[in-house]
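Accompanying notes for the structure given below.
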Amino acid sequence: MTFRVLRGGVIAAAALAVFTLATTPARALSDEEAANARQTIEALGDDLAQLAARSETLTGAERVNAAADVVRKRFDLPSIAAATVGRSTYEGWTQEQRETYFDAFIRYTLASQTGALTRYEQEKLAIQAVEEAPGGMAMVRTTYTPDGSDPSTVDFMLEKGDGGEFLIVDLVVDGAISQLKLKRAEFSSVLRSKGYDGLIKILREKADQLLAKRS
């Protein structure tokens, strides 16, 4: 259950998935909005490059904490966590259940993605275009070219946060299905077979296993 953004796990976006695209018509982004969306992806690249540069000087726990700081700044984690199980399912839980799930989801996501995030190579990612997307979202199209491999396309889907800034909510790799839909299918399967408690147990166990390897 990882968010595999690029071939070979070179970079992963954490954690992450979001709402199904709204059915409302797309509207044109203003120049300012397009610039802000592009800036979010550029800032993510800068953050990850800095993290990769100092990764070897950090302990396993420090790498996880540093990756968490990057992810929390650039991704809309509350929306992503809710969308991964489905908005109606999430809202049907008690407040305590939502908080427990969110903590388990974020811990697992960070544990599974830290290794890939700390191996990011900034010069291999190129922004190609910024476009409008349904529901008032923005899509930043990029390509990533690993050594000796063909380029991968990575489309970042962003929406405005409460403060008006654009935050990443989904990723589409090589024009395929969104990472949200893949993760939602996996989590929904666990909920159907093992229920809420089973999902929490699996997330916690997997996080513990991954963190133990990095300690």
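The values are calculated or read from the model by the stated rules, or taken from the named source; none is laboratory data. This one's a predicted model, so the numbers in the text were calculated from it and none came from an experiment. When we count neighbours, we look across all protein chains shown, and the Cβ atoms used for this are built from the backbone with ideal geometry, even at glycine. Only protein heavy atoms, including side chains, enter the accessible area calculation; ligands, DNA and RNA are left aside. Shrake-Rupley method; radii C 1.70, N 1.55, O 1.52, S 1.80 Å.
Summary table below
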{"item": "Top-ranked residue in the range 99-143 [being β-branched (Val, Ile, Thr) and assigned to a helix (DSSP H, G or I); ranked as nearest to Val172 (Cα to Cα)]", "result": "Thr109"}
{"item": "The one condition in (1) open to solvent by less than 60 Å² (accessible area, probe 1.4 Å); (2) more than 20 Å from the chain's Cα centre (by Cα); (3) more than 24 Å from Gly86 (Cα to Cα) that Gly198 fails to fulfil", "result": "(3)"}
{"item": "Filtered residues of the range 201-213 (kept if closer than 30 Å to Thr57 by Cβ and surrounded by 15 or more Cβ atoms within 10 Å (Cβ to Cβ))", "result": "Leu203, Arg204, Lys206, Ala207, Leu210, Leu211"}
{"item": "Considering residues of the range 78-90 that are open to solvent by 10 Å² or more (accessible area, probe 1.4 Å) and touching a helix residue (DSSP H, G or I) at 6+ places or on another chain (Cβ under 8 Å) only, the residue nearest to Val169 (Cα to Cα)", "result": "Pro78"}
{"item": "Candidate set from the range 144-173 (those that are surrounded by 12 or more Cβ atoms within 10 Å (Cβ to Cβ) and in a loop (DSSP other than H, G, I, E, B)); member that is modelled with the lowest pLDDT", "result": "Pro146"}
{"item": "Filtered residues of the range 193-215 (kept if basic (Lys, Arg) and modelled with pLDDT of 95 or more)", "result": "Lys194, Lys201, Arg204"}
{"item": "Flag for Gly195 being touching a strand residue (DSSP E or B) at 6+ places or on another chain (Cβ under 8 Å), free of Cβ contacts under 8 Å to residues at least 40 places away in the same chain and more than 25 Å from Asp47 (Cβ to Cβ)", "result": "no"}
{"item": "Residues that are of a type in the set (A, V, I, L, M), without any contact (Cβ under 8 Å) to a residue 40 or more places away in the chain and closer than 22 Å to Gly163 by Cα, drawn from the range 36-80", "result": "Ala43"}
{"item": "Any pair with Cβ under 6 angstrom, 6 or more apart, that starts in the range 99-128 at a residue that is farther than 18 Å from Tyr196 by Cα and at pLDDT below 90 and ends at one that is polar (S, T, N, Q) and not in a loop (DSSP other than H, G, I, E, B)", "result": "Thr118/Ser55; Leu125/Thr142"}
{"item": "Test: Ala185 is loosely packed, with under 13 Cβ neighbours inside 10 Å, at pLDDT below 95 and within 14 Å of Thr84 (Cβ to Cβ)", "result": "yes"}
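Condition check ((1) modelled with pLDDT under 50; (2) open to solvent by less than 20 Å² (accessible area, probe 1.4 Å); (3) more than 20 Å from the chain's Cα centre (by Cα)) across all residues:
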position	(1), (2), (3)
Arg7	yes, no, no
Val10	yes, no, no
Val18	yes, yes, no
Leu21	yes, no, no
Glu32	no, no, yes
Asn36	no, no, no
Leu48	no, yes, no
Ala52	no, no, no
Arg63	no, no, no
